[in-house]
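See below for the structure under consideration.
Every number here is computed from the coordinates shown, using simple stated rules; none is lab data. Quantities reported herein were computed from a predicted structural model and do not represent experimental measurements. Reconstructed Cβ throughout: ideal geometry from the backbone, glycine too, with neighbour counts over all protein chains shown.
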Amino acid sequence: MNHLKVILWVLFWFVFKPIFAHQDIYAIENYGNVKVKISSYSFDLEEVNRSFIIAQLVQKLSIQLNNKDSIYLDFDHSYMSECKSAYFLSYGINNQNLNVDDDKNISFEKAIRSNTIILKSISYSFDEKSILKLIEFAILNKNYINTTQRVCAYKSEYYNYNIVSLDTNETKTVLFNESSLLQKEILSKIIERPNQNFKSGISYKFENGNFYLFNRNSLGKDSSFMYLKNIYLMKEVVKIKNTQIVAVFESDTVFYFVNRNVKTNQLFVSKKYILKHCEYKEPIHVSKFKRNTLKVSTNFFHNFCTKVDYIYFYEKDELVLVDNK
């Protein structure tokens, strides 16, 4: 009987255990006195590039305010499910690696790092307006933050931190305020998707919270063809002979395929495709499947994991869903 219990338990564990295990990637970039670090699922997710765009906006804000201090943006991408964004603002304090279980003996003196504004954000989708509000407040109120910040506990389904921060009620008040004229001016600046190797093809420019997709020809001339309020993922999945196909996800459920003729530079944008919504799921994977077919896949997490593949057929100027299994 005991052996039977063990066998049943092992079978239950293999069938119903959470099978999603993943080591996050880290990306770090420097823009003048601004350093940004983001942890996420994959470099394919566009929140990584969005964090770099935000860092460039913050640098422009810092210059306009004649700020000489360093600014450190520490972004945790909560990619498994949508969450309420959390912000922690400090000055002169290094928040890295503060864990609830091992930081009981940490003192402010040990953690001090002078002349640095630190903003930690935990979010499913980072918001440039909110970041600029908090950074402008921090630049103008460094001494106040330095004298009032304290250790704040933050717990959620995926995070468990003790973070040195200005009182979070005060950060909420800052976020509730209207954007300043300077912030609006900074948001109107055009910033191209970070990619040093990009020469021609499909990309986008960020301006005033929108993402303007464009097609760049071999002479460097850009032609805009659509704009989106958000880009979750943008990935080239096919480039053979004269065909380039890029998957553009507006969210984790809404996406388009852009089919570009490399020789003539002509574009075909597919209809809007909508995937099933699930509160918890692994980020989307897009790849070439077989000849003339593309695969969009993900894992849904409920009481157990369900693998879902969407197969699309493409030929000339048509992209059609032919199978869903």
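Restricting to Cα pairs below 8 Å that are 6+ residues apart, what does the relative contact order work out to for region 135-194? Please round to a whole percent. Intermediate results must be reported in sequence, preceding the final value.
Numbers: 31 pairs, mean separation 13.3, N = 60.
Relative contact order of region 135-194: 22 percent.
D69's amide H: which non-local residues (gap 5+, or another chain) put their own amide H closer than 5 Å, with H modeled 1.01 Å from N in plane and none for Pro or chain starts?
Long-range HN contacts for D69: none found.
Past the 18 Å Cα-Cα mark, which pairs from K199/K263; K60/K184; K84/K184; K199/K235?
Values: K199/K263 15 Å; K60/K184 12 Å; K84/K184 24 Å; K199/K235 16 Å.
Cα-Cα > 18 Å for K84/K184; rest within.
Which loop trypsin sites (Lys or Arg not before Pro) in region 188-229, with loop taken from DSSP, have no more than 11 other Cβ atoms within 10 angstrom of their Cβ?
Numbers: sites: K189, K199, K205, R216, K221, K229; in loops: K189, K199, K221, K229.
Listed in order of number, the matching sites are K199, K221, K229.
What whole number of Å gives the distance from the Cα centroid of region 22-52 to the Cα centroid of region 237-255?
Region 237-255 and region 22-52 have Cα centres spaced 22 Å from each other.
Add +1 for every Lys or Arg and -1 for every Asp or Glu among the other residues with Cβ under 13 Å from the Cβ of K133, and state the total.
So the environment of K133 carries a net charge of -2.
Got a sec to turn the phi values of region 166-177 into Karplus ³J(HN,Hα) couplings, 6.51 cos²θ - 1.76 cosθ + 1.60 with θ = phi - 60°, whole Hz, x for Gly and Pro?
In residue order, the calculated couplings are 4, 3, 5, 5, 6, 5, 5, 5, 4, 5, 6, 5 Hz.
If region 170-258 were replaced by its equivalent ellipsoid, with semi-axes equal to the square roots of 5 times the Cα gyration tensor eigenvalues, what would those be, largest first, whole Å? Don't jump to the answer; show the numbers that get you there.
Details: eigenvalues 189, 54, 19 Å².
Ellipsoid half-lengths, sorted descending, are 31, 16, 10 Å.
In whole Hz and in residue order, list the ³J(HN,Hα) couplings for region 226-243 that follow from phi through the Karplus curve 6.51 cos²θ - 1.76 cosθ + 1.60, θ = phi - 60°; x for Gly and Pro.
5, 9, 10, 6, 7, 10, 7, 7, 9, 9, 6, 10, 9, 8, 9, 6, 9, 10
Please turn the phi angles of region 43-54 into ³J(HN,Hα) values with the Karplus equation 6.51 cos²θ - 1.76 cosθ + 1.60 (θ = phi - 60°), one per residue in order, whole Hz, x for glycine and proline.
5, 5, 5, 6, 4, 5, 5, 4, 5, 5, 5, 4
Rank-order 136-144, 241-249, 26-34, 115-123 by packing density, defined as the average count of other C-beta atoms within 10 Å over each peptide's residues, highest first. Mind showing how you got there, number by number?
On the way: 136-144: 16.9, 241-249: 19.3, 26-34: 15.1, 115-123: 21.3.
Descending packing order for the listed peptides: 115-123, 241-249, 136-144, 26-34.
Taking the Cβ of S121 as the center, what net charge do the other residues with Cβ under 10 Å away carry, scoring Lys and Arg +1 and Asp and Glu -1? Please list the in-between numbers first.
On the way: positive: K120; negative: D74, D76, D127.
Residues close to S121 contribute a combined charge of -2.
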